[in-house]
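Written below as structure tokens is the structure these notes are about.
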Amino acid sequence: MTGPGARGAALEALEVDLLLEGVARQWGFDLRRRSRPQLLRRLRRHLREERLDSFSALQGRVLHEAEALDALLRTLSCTPPALFSEAAFFRDFRTRVVPVLRTWPSVRVWHAGCGTGEDTYALAILLHEEGLWGRCRLYASDVSEGLLADARTGVLPLPTPEDARRYAEAGGKGALSDYYTRDGNWALLHPKLRDGIFFTQHNLATDGSFNEFHVIVCRDTLLAFNRAMHDHVHGRLFESLARFGFLCLGRKESVARTPHAGAYEALEDCGRIYRRVG
Amino acid sequence: MSPLGLLVVGAPRSAAADVESVLALLPPHLPVPVVLALHRGPLDALAAPLGRRCALPVVEPDDKDELRPGCVYLAPAGYHLLVDGSCVALSVEPPEHGQRPGLDALFESAADSHGPRAAGLLFTGHEDGVAGLHVLQARGGRVAVVGARRAGGDGEEGELEQLTPGTVGGWLARLAYVPRSRVQP
């Protein structure tokens, strides 16, 4: 069936392919191995927000202006908008991973795909509360410099009572408000947290391993990639994870079909936390 | 008509009981996968109750799980469920119409990946899903809305085929078998 809808779809698909090719060749960001349905939805949203008529128009802008590229990368990023967005993960991390980390003299943690840093700061608060902050090095990376710049400021929208409730549910030992100073509708996180995090630009799709880590947190970040790239990135994560280190994925992500599935053991009775045993 | 490759179903929370009834109508050897998004909160356990009377297994897939015929894939809480060719793709894009999983997202992805080979069924009662169903229809997919009567978005749903819980069975039967019998001489 080739109605006007189908013809429009074919043309749109062509324009999207040209846009992605252009971005890859001009800026070195290869978006062609993203999850196609999510990419299409984010791109269409971006087009509406930018009030452009077609992807060809967007292509013109993105090829010529670095700011337009960063705006595009920003739209493509989908990181949680609040601290402790998934209480269950932080609770499991606290009860199952932290006791092991305590037995190690030093711990390197990598948060891959940190976006604007909400989960990174939540992790920092947790490590601080558990007395591990002094011997932890927390690295947080994202592909977008713009998002990282936001994350580095240590300024977040003021946490809501709902955020505080999730913090408590995650096993929080104090009050969430102990960790920030209020400034109007914003929260300035304590410098001791912010200054202990190494924010760094890193593209999971193209950059190699940059250290060996004891914990890698990469939650819902790989949803944005297609199957081939997802498996490729898992290779990088595997290379970056020390033996007996922990890999923390999103609630509906799995290592099951990745090339290194056999090297991981899932921690029982908790979300998707895996331990590298092989 | 192209042979059917996928059935997508979207429903607001208020239609959960109707969805359960419709799942019970699906034959045990359905030759296509069913992908279902139902508005839900973070703690709703849905797969088991929805599967109670359904002849097919109802599962909440992990990201990038393969779609197999004769299986019902239910959108997990907190994620949009999208179709990517022969796989599912989960997404943590922001909620739309206040909902994640969202219905528009699923219909839109089915339209992109399957076009005329997808059939879409939307239970009425929420604004979410109407736009996505129209996209699927425009790409040649066979679509219909289910509701006891026209509720919400009356004008927009005007040109869509209207079914009642009583007539869905006939619509499904025509979908699943007519196109296949046409391609098999």
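Quick one: in region A:30-81, of everything that is acidic (Asp, Glu) and modelled with pLDDT of 90 or more, which residue is most open to solvent (accessible area, probe 1.4 Å)?
Taking the candidates together, the pick is A:Asp53.
Quick test of your reading of the structure: A:Lys252 fulfils all but one of (1) part of a loop (DSSP other than H, G, I, E, B); (2) within 13 Å of chain B (Cβ to nearest Cβ); (3) open to solvent by 30 Å² or more (accessible area, probe 1.4 Å). Name the failing condition by number.
The single condition A:Lys252 does not satisfy is (3).
When the residues of region B:70-110 are filtered to those that are part of a helix (DSSP H, G or I) and facing chain A (nearest Cβ under 8 Å), which remaining residue is surrounded by the fewest Cβ atoms within 10 Å (Cβ to Cβ)?
Taking the candidates together, the pick is B:Glu108.
So if I check each of A:Phe210, A:Phe244, A:Phe238, which one is open to solvent by 20 Å² or more (accessible area, probe 1.4 Å) and over 16 Å from A:Ala263 (Cα atoms)?
Criteria check complete, one pass: A:Phe210.
If the requirement is being out of contact with any Gly (no Cβ under 9 Å at 6 or more places or on another chain), of a type outside the set (D, E, K, R) and touching a residue at least 24 places away in the same chain (Cβ under 8 Å), which of these qualifies: A:Phe213, A:Phe244?
Working: A:Phe213 fails: out of contact with any Gly (no Cβ under 9 Å at 6 or more places or on another chain).
Step by step, each of A:Phe213, A:Phe244 is checked, and only A:Phe244 is out of contact with any Gly (no Cβ under 9 Å at 6 or more places or on another chain), of a type outside the set (D, E, K, R) and touching a residue at least 24 places away in the same chain (Cβ under 8 Å).
Can you find a residue that is within 13 Å of another protein chain (Cβ to nearest Cβ) and open to solvent by 10 Å² or more (accessible area, probe 1.4 Å) anywhere in region A:259-268? Full working, then the answer.
Pass one, region A:259-268, residues within 13 Å of another protein chain (Cβ to nearest Cβ): A:261, A:266.
Applying the additional criterion that residues be open to solvent by 10 Å² or more (accessible area, probe 1.4 Å) yields A:261, A:266.
Within region A:259-268, one or more residues are within 13 Å of another protein chain (Cβ to nearest Cβ) and open to solvent by 10 Å² or more (accessible area, probe 1.4 Å).
Test of understanding: among A:His190, A:His230, which residue is over 24 Å from A:Arg135 (Cβ atoms) and either in contact with a helix residue (DSSP H, G or I) (Cβ under 9 Å, 6 or more places away or on another chain) or touching a residue at least 24 places away in the same chain (Cβ under 8 Å) (or both)?
Values: A:His190 fails: over 24 Å from A:Arg135 (Cβ atoms).
Within the list A:His190, A:His230, the selection yields A:His230.
Can you find a residue in region A:99-119 that is under 27 Å from A:Lys252 (Cα atoms), part of a helix (DSSP H, G or I), in contact (Cβ under 8 Å) with a residue 24 or more places away in the chain and of a type outside the set (A, V, I, L, M)? So that I can check it myself, show each step before the final result.
At the first step, the residues of region A:99-119 found to be under 27 Å from A:Lys252 (Cα atoms) are A:99-101, A:107-119.
Add one more test, that the residue is part of a helix (DSSP H, G or I), and what stays is A:99-101, A:118-119.
Next cut, in contact (Cβ under 8 Å) with a residue 24 or more places away in the chain only: A:100-101, A:118-119.
Narrowing further to those that are of a type outside the set (A, V, I, L, M): A:118-119.
So far as region A:99-119 goes, yes, one or more of its residues are under 27 Å from A:Lys252 (Cα atoms), part of a helix (DSSP H, G or I), in contact (Cβ under 8 Å) with a residue 24 or more places away in the chain and of a type outside the set (A, V, I, L, M).
Mind listing whichever residues of region B:52-68 are over 21 Å from B:Glu20 (Cβ atoms) and either facing chain A (nearest Cβ under 9 Å) or open to solvent by 50 Å² or more (accessible area, probe 1.4 Å) (or both)?
Taking region B:52-68 and keeping what is over 21 Å from B:Glu20 (Cβ atoms), we get B:62-68.
The answer is B:Asp62, B:Asp63, B:Lys64, B:Asp65, B:Glu66, B:Arg68.
Can you pull out every residue in region A:152-179 that is open to solvent by 40 Å² or more (accessible area, probe 1.4 Å) and under 24 Å from A:Ser106 (Cα atoms)?
Within region A:152-179, A:Arg152, A:Lys173 qualify.
If A:Ala149 meets every condition in (1) open to solvent by 40 Å² or more (accessible area, probe 1.4 Å); (2) in a loop (DSSP other than H, G, I, E, B) apart from one, which number is that one?
(2)
The values are calculated or read from the model by the stated rules, or taken from the named source; none is laboratory data. Quick caveat: nothing in here was measured; it's all calculated off a predicted structure. In this analysis, Cβ positions are derived from the backbone assuming ideal geometry, glycine residues included, and neighbour counts consider all displayed protein chains. Accessible surface is based on the protein model in full, side chains and every heavy atom, while ligands, DNA and RNA are left aside. Shrake-Rupley method; radii C 1.70, N 1.55, O 1.52, S 1.80 Å.
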